[in-house]
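See below for the structure under consideration.
The values are calculated or read from the model by the stated rules, or taken from the named source; none is laboratory data. From a predicted model like this one, the values you see are computed outputs, not experimental measurements. Because the Cβ atoms are built from the backbone with ideal geometry, glycine has one as well, and the counts that use them run over all protein chains shown.
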Amino acid sequence: MNMASQLKLYTDKQARNALKRLSFPRTEIGDKATQTVYIHNSSEKWPIMEIKHNQTNKDISVTGIPQQLRPNETVPINVIWKPSINTDDPLSGILDIASELHIG
């Protein structure tokens with residue numbers, strides 16, 4: 001994951017279980033699979049701004065990314081897989097999110 005070290009992804013709203021791997025179930029073409037994960041600013045002092053998803057796979061999109069995260073704020077985001085080709089294997093991928101730590 002390419003992001004400020006204070007920006008973390010978790011599987012739970014309480015930001016206790018770090019997201020280590022993003023795996024989607026087998027999904028038919030035309031259908032989609034959605035997973036909710038939680039994006040958290042672990043900085044005690046500074047907001048994180050300019051948060052964006054760098055799309056590394058055309059079949060994966062992210063909704064709900066905030067413009068800014070206040071210190072210690074956690075918000076849900078949705079990661080959506082909508083396959084464009086047929087495959088029998090579940091998808092595993094990298095979720096690349098970039099941001100800037102705003103100091104000052």
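Kindly indicate whether any position in the range 55-73 is modelled with pLDDT of 90 or more, under 17 Å from residue 16 (Cβ atoms), out of contact with any Cys (no Cβ under 9 Å at 6 or more places or on another chain) and not in a loop (DSSP other than H, G, I, E, B). No: the range 55-73 contains no residue that is modelled with pLDDT of 90 or more, under 17 Å from residue 16 (Cβ atoms), out of contact with any Cys (no Cβ under 9 Å at 6 or more places or on another chain) and not in a loop (DSSP other than H, G, I, E, B).
Taken together, the residues in the range 28-54 that are farther than 20 Å from residue 82 by Cβ and either outside any loop (DSSP other than H, G, I, E, B) or of a type in the set (Lys, Arg) (or both) amount to 9. Regarding residue 100, is this residue surrounded by 12 or more Cβ atoms within 10 Å (Cβ to Cβ), modelled with pLDDT under 85 and assigned to a strand (DSSP E or B)? So residue 100 fits the description; yes. Residues in the range 38-53 that are closer than 15 Å to residue 79 by Cβ, surrounded by fewer than 16 Cβ atoms within 10 Å (Cβ to Cβ) and more than 10 Å from the chain's Cα centre (by Cα): 0 in all. Out of the range 11-27, which residues are assigned to a loop (DSSP other than H, G, I, E, B) and hydroxyl-bearing (Ser, Thr, Tyr)? Across the range 11-27, the qualifying residues are 11, 27.
Every condition in (1) on the phi > 0 side of the Ramachandran plot; (2) surrounded by 12 or more Cβ atoms within 10 Å (Cβ to Cβ) holds for residue 30 except the one numbered (2).
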